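Enquirer: My questions all concern the structure below.
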Amino acid sequence: MSNHGGNIYKIEREFGVKKEEIIDFSSNINPLGVNKRFVKLLRKNTGDVARYPDPDYPDLKNKTASFYEINPDFTIHGNGATEILSLYFRITSPKTALVVSPSFLEYERSLSIAGARTAYFRLTENSGFNPDIENLTAEIRKGYDVIVVCNPNNPTGTAIKAADIGKILLETKKTGAALFIDESFMDFVDGRSSYSAKKFIDEFPGLFILKSLTKFFALPGLRLGLGICSDTALLEKMKAAIDPWSINCFADLAGKVIFDDPGYVKKTIELVSRQREFIFDAIYKNKNLKIFPSVCNFHLVKILNGMTVPGLQSELLKDNILIRDCSNFKFLDDKFFRIAVKDKKENEFIVKKLSKYLS
Ligand SMILES: Cc1ncc(COP(=O)(O)O)c(C=O)c1O
């Protein structure tokens with residue numbers, strides 16, 4: 001199928017299921033949907049499409065910085081987190097990289113385009129895909145230009161505590177490696193301050209934090225991402241290399257309202273926590289499935305009987321359900337799939353259908 005989740009267009013073309021009718025569990029987007037005030041604003045400003053976007057977008061910069069409580073000078077915005085990550089590797093041009101895996105596929109792709117040799121620090125099923133920090137720091141000591149960590153990790157849903165991130169940072173400081181942490185799913189985590197590396201930003205200029213704003217704010221079609229780093233010389237180099245107008249007029253407009261809605265943030269975290277537990281408890285009881293504990297808005301699941309994910313996927317598509325086949329992730333195979341935490345009705349539906357095909 002596709003390299004990433006969310007390719008409902010391909011499913012429509014290949015399986016004849018209308019994209020509007022697909023219940024997409026393959027992409028991890030906020031089940032509350034787009035902020036209502038933004039939708040209204042968008043409708044009023046459709047005419048903006050005929051003008052060039054503001055190349056400086058000061059409101060978006062300031063609002064992002066105050067929402068995440070960071071210095072605006074330590075930020076860079078991009079056309080989705082994906083643009084920032086490929087730009088980061090292009091500009092820093094590491095020769096060697098260590099990627100904690102299985103993880104988001106774009107690291108590997110962008111590193112390879114940037115000419116880096118990638119090694120993997122394997123997260124094992126036996127450890128619930130949680131890294132052993134002593135082993136990881138020992139590996140870092142071997143010497144890499146950059147260490148890449150996704151926290152919480154896609155597709156496993158596991159997260160490293162900030163105290164352990166601190167240990168990793170001390171090790172990278174000794175060896176001179178940069179630490180690239182992707183916190184694109186951090187906003188979904190209840191108690192995120194005990195996991196986020198944000199508190200280390202001032203002290204460690206070698207730390208770069210990536211955030212996607214497309215998941216939590218349900219804007220994957222709009223494209224908006226953020227990089228945070230206290231190495232302002234690096235940020236200047238990245239800004240000089242980014243294509244002009246990569247922040248389109250509607251992404252700029254979104255910035256004017258999406259950060260001013262504390263109710264949306266609170267409701268999202270409550271809904272996701274409650275529904276994540278519902279999915280976990282329901283699937284945990286199924287003897288043919290193994291579900292891995294997650295701290296964010298998706299779950300990794302393994303099929304334990306003879307069925308494979310493509311087989312299950314075809315069955316589920318009869319009910320318009322799309323799941324993420326995880327066989328193209330390093331160290332996973334065609335027994336692993338990922339499902340997003342959606343709203344109550346949709347979660348009840350997938351749980352029912354999973355027990356129909358796997359009980
Ligand atoms: C861990 C992770 N980081 C970054 C991205 C890219 O996000 P964006 O839509 O902002 O480019 C994704 C998308 O799936 C992701 O899973």
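Enquirer: List the GluC sites (Glu not before Pro) within segment 39-134 that fall in a DSSP loop (any state other than H, G, I, E or B) and whose Cβ has at most 15 other Cβ atoms within 10 Å.
Expert: For GluC sites (Glu not before Pro) across segment 39-134 that sit outside H, G, I, E and B with at most 15 neighbouring Cβ atoms in 10 Å, the list reads GLU69.
Enquirer: Once the other residues with Cβ under 10 Å from the Cβ of PHE337 are scored (Lys, Arg +1; Asp, Glu -1), what is the net sum?
Expert: +2
Enquirer: Check every DSSP H run in the chain and write down those whose alpha carbon atoms cover 24 angstrom or more along the long axis and whose mean Kyte-Doolittle hydropathy is -0.5 or greater.
Expert: Going by DSSP H runs, the hits are 262-284.
Enquirer: Under 1.5 on a/c is rounded, so check that first for the chain, then, if it is not, pick prolate when a/b is larger than b/c and oblate when it is not; a ≥ b ≥ c are the square roots of the alpha carbon gyration tensor eigenvalues.
Expert: It is oblate, given that a/c is not under 1.5 and a/b is not larger than b/c.
Enquirer: Write down the percent of antiparallel bridges among all DSSP beta bridges whose residues are both part of the chain, to the nearest 5. Numbers along the way, then the final one.
Expert: On the way: 18 of 38 bridges.
Percent antiparallel among DSSP bridges in the chain is about 45.
Enquirer: Further question on the same structure: Compute the distance from the alpha-carbon center of segment 5-55 to that of segment 231-248, in whole Å.
Expert: Cα centroid of segment 5-55 versus Cα centroid of segment 231-248: 26 Å apart.
Enquirer: Now for a separate question. Which residues make up the longest stretch of the chain clear of trypsin sites (Lys or Arg not before Pro) that lie in a DSSP loop with no more than 16 other Cβ atoms within 10 Å, not counting the sites?
Expert: Longest run free of exposed loop sites: 162-284.
Enquirer: Can you pick out the pairs among LYS142/LYS174; LYS63/LYS342; LYS285/LYS356; LYS61/LYS173; LYS174/LYS211 whose Cα atoms lie more than 19 Å from each other?
Expert: Pairs exceeding 19 Å: LYS63/LYS342; LYS61/LYS173; LYS174/LYS211.
Enquirer: While we're here: Under 12 Å from the Cβ of SER194, count the other residues' Cβ atoms, weight Lys and Arg +1, Asp and Glu -1, and hand me the total.
Expert: Computed value for this residue: +2.
Enquirer: So between LYS266 and ASP202, what do we pick up on full extension, going 0.36 nm a residue minus the alpha carbon distance?
Expert: Full extension of this stretch gives 20.3 nm more.
Enquirer: List the residues, sorted by chain then number, that are 5 or more residues from GLY80 or on another chain and whose placed amide H is less than 5 Å from its amide H.
Expert: It is LEU224, GLY225, by chain and number.
Enquirer: Separate question: Using Cα springs under 10 Å in a Gaussian network model of the chain, which residue among ALA138, ALA177, ALA254 shows the largest mean-square fluctuation?
Expert: Top of the fluctuation ranking is ALA138.
Enquirer: Could you work out the relative contact order of segment 268-353? I mean the mean sequence separation of Cα pairs under 8 Å and 6+ apart, divided by the number of residues, in percent. Please report the intermediate quantities before stating the final value.
Expert: On the way: 119 pairs, mean separation 25.8, N = 86.
Computed over segment 268-353, the figure is 30 percent.
Enquirer: Where is the GNM fluctuation largest for the chain (alpha-carbon springs, 10 angstrom cutoff): GLY33, GLY78, GLY221?
Expert: The residue that fluctuates most here is GLY221.
Enquirer: Which GluC sites (Glu not before Pro) from segment 192-271 combine a DSSP loop assignment with at most 13 other Cβ atoms within 10 Å?
Expert: Here the sparse-neighbourhood loop sites are GLU203.
Enquirer: Still on this structure, please answer the following. Going by the alpha-carbon gyration tensor, a ≥ b ≥ c the square roots of its eigenvalues, is segment 106-156 rounded (a/c under 1.5) or, if a/c is not under 1.5, prolate (a/b greater than b/c) versus oblate?
Expert: Oblate is the answer for segment 106-156, as a/c is 1.5 or above yet b/c matches or exceeds a/b.
Readers should treat all values here as calculations from the given coordinates under stated rules, not as data from a laboratory. It should be emphasised that the depicted structure is a prediction, and the values quoted were computed from it without experimental measurement. FYI the Cβ positions are ideal-geometry reconstructions off the backbone, even for glycines, and counts take in every protein chain you see.
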